[in-house]
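The values are calculated or read from the model by the stated rules, or taken from the named source; none is laboratory data. All of these numbers come straight from a predicted model, not from anything done at the bench. Note that each Cβ is placed from the backbone with ideal geometry, even for glycine, and that neighbours are counted across all protein chains shown.
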Amino acid sequence: MNPAVRAHLPFALVMAIVAAGFVRIAQYHWREGSVLVAVALLVAALLRAVLSPEQAGLIVIRSRGVDILAYTAFGAMILFVALTITKGPL
């Protein structure tokens, strides 16, 4: 496989999960969709932790530590909100 294409696979995986989340949100299953968006951010953090910057491709924004911290924090916050808001389908 072309190395340029391979470098975009982690980003494509994260975006596919986000797209699935947006589909669920559009279908009025906003809690499920929000959980999927949170999972996408946590997957991005995991990929950023285990892959080299060349392999991680477009999920590299800043230094490894900052990226992992930011992806994990945002993912955890979205997950917390999605799971603690009452009166809605899960």
| task | Please work out if Ala16 is in a helix (DSSP H, G or I) and either surrounded by 18 or more Cβ atoms within 10 Å (Cβ to Cβ) or at pLDDT below 95 (or both). | result | no
| note | Taking the range 20-29 and keeping only residues that are under 17 Å from Phe74 (Cα atoms) and surrounded by fewer than 18 Cβ atoms within 10 Å (Cβ to Cβ), one is left with Phe22
| task | For Ala82, indicate whether it is at pLDDT 95 or above and either part of a helix (DSSP H, G or I) or not aliphatic (A, V, I, L, M) (or both). | result | no
| task | Please verify whether the range 29-41 includes one or more residues that are among the acidic types (Asp, Glu), part of a helix (DSSP H, G or I) and more than 13 Å from the chain's Cα centre (by Cα). | result | yes
| query | Is at least one residue of the range 54-63 out of contact with any Asp or Glu (no Cβ under 6 Å at 6 or more places or on another chain), at pLDDT below 90 and assigned to a loop (DSSP other than H, G, I, E, B)? | reply | no
| field | Residue selected from the range 34-90 under the condition among the hydroxyl-bearing types (Ser, Thr, Tyr) and surrounded by 14 or more Cβ atoms within 10 Å (Cβ to Cβ), by the criterion farthest from Met15 (Cα to Cα) | value | Thr72
